[in-house]
């Protein structure tokens, strides 16, 4: 035989010599190449014939000798396509398709398959046992069924009731009721717990979620664009139902912010520099940030600013809240330094600034309860599609004959059929909260 078999027939001599890789060779070289390829092709055919004969002999020996039936086995698995509704109940079917027809004997017991439940939706049980169903089985297909009764609390063996960590409940299909009061700009509130930070109605939670909420307002803190932009559990909860409404308590989405556009002229004072602002330039208007917080029960407030108007004698005409900030408390003394008053750098909010400082003059605002507010309102309705469900999977599972028998049609029931399907890709099916 030739040393290197090939699977291409060189064909008739007349066609061979016309090949682009042959036609430029000398006649002796062409003859040599033609003979070589003929031998190589014959070698290929011989080897194929030997392999086919060996395979047929092996199959014959296996069948006649009563060994494992290697020609049959599970080739496909599929779940029924109906919804696995965890509240109203459902019947789930799973189908195992063999390569060739099989027979199922149940005289000694009914075959089952234990399907793994990942319990991400807080289902109570794993595995979920599917039982052989003769009505679903024919030829090479063997069907198994599992029926789950209605569970009004979404808490059956298979469930879909989890408020999962990282799920954003503001994404579609969200139903959000926006707050009527919020703090300035983008604000994140963490550690919101049931009872103190929110209520849920109806209260079905078996484990309470802890939430993180991000809110935002428009540039001037008006009520037109108050928005909850993100709601994500940092600790999962479960036992929820579609349609449950979570309502945030007053102050849950931020506290200690100044009343939007409120006049604080009567609680403002000029300190140092003769108690006046710069004069001689007519009326001056500028928006200034608070640069320090003193007094009061805590001094963690940030983000507040006011718009100051002075007359041409340097006296304050008005001081009005521009940015509401957060975390201020009654009794805080908010100070705008002389340096800030003198700043002419353009503000990020686009409002014009002028140099109002008169030497060492600072401006202070001493907060009363009337100027400090907290969030009001905010709620969302949980949609079915936002609840994380249990997922059933064939990964790591197997068929149990359970005293019965599944065997290749036309063979002795004692001949063991290969029921292993671990080489197949796992098949998954998610439940749904309905």
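Every number in this text was worked out from the coordinates using simple rules, so none of it is lab data. Predicted model only: the values in this text are computed from it and were never measured. Neighbour counts run over all protein chains shown; Cβ positions are idealised from the backbone, glycine included.
Summary table
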{"item": "Relative contact order, percent, segment 300-432 [alpha-carbon distance under 8 Å, six or more residues apart]", "result": "18 percent"}
{"item": "Peptide ranges 234-245, 157-168 listed from the most packed, as the mean C-beta count within 10 angstrom indicates", "result": "157-168, 234-245"}
{"item": "Relative contact order (%) - criterion: Cα under 8 Å, at least six apart; region: the chain", "result": "21 percent"}
{"item": "Centroid-to-centroid separation of segment 76-133 and segment 149-198 [C-alpha atoms, Å]", "result": "32 Å"}
{"item": "Helical mean residue ellipticity (222 nm; -39500 (n - 2.57) per DSSP H run of 4+; nearest 500) of the chain", "result": "-3500 deg cm²/dmol"}
{"item": "Calculated Rg and Dmax of the Cα atoms in Å (choose from (i) 23.1, 77; (ii) 25.8, 81; (iii) 39.6, 117), label", "result": "(iii)"}
{"item": "Exposure proxy order (Cβ contacts within 10 Å, fewest to most) of 382, 231", "result": "382, 231"}
{"item": "Label-point separation in nm, residue 292 to residue 411, each point 7 Å along Cα→Cβ", "result": "9.1 nm"}
{"item": "Förster-model FRET efficiency, 60 Å R0, residue 311 and residue 434, C-beta, rounded to 0.05", "result": "0.35"}
{"item": "Ascending count of other beta-carbon atoms within 10 Å, so fewest first, for 87, 77", "result": "77, 87"}
{"item": "Fewest-first ranking of 266, 408, using other Cβ atoms within 10 Å as the exposure measure", "result": "266, 408"}
{"item": "In degrees, nearest ten, helix 27-65 long axis to first principal axis of the chain (Cα)", "result": "90 degrees"}
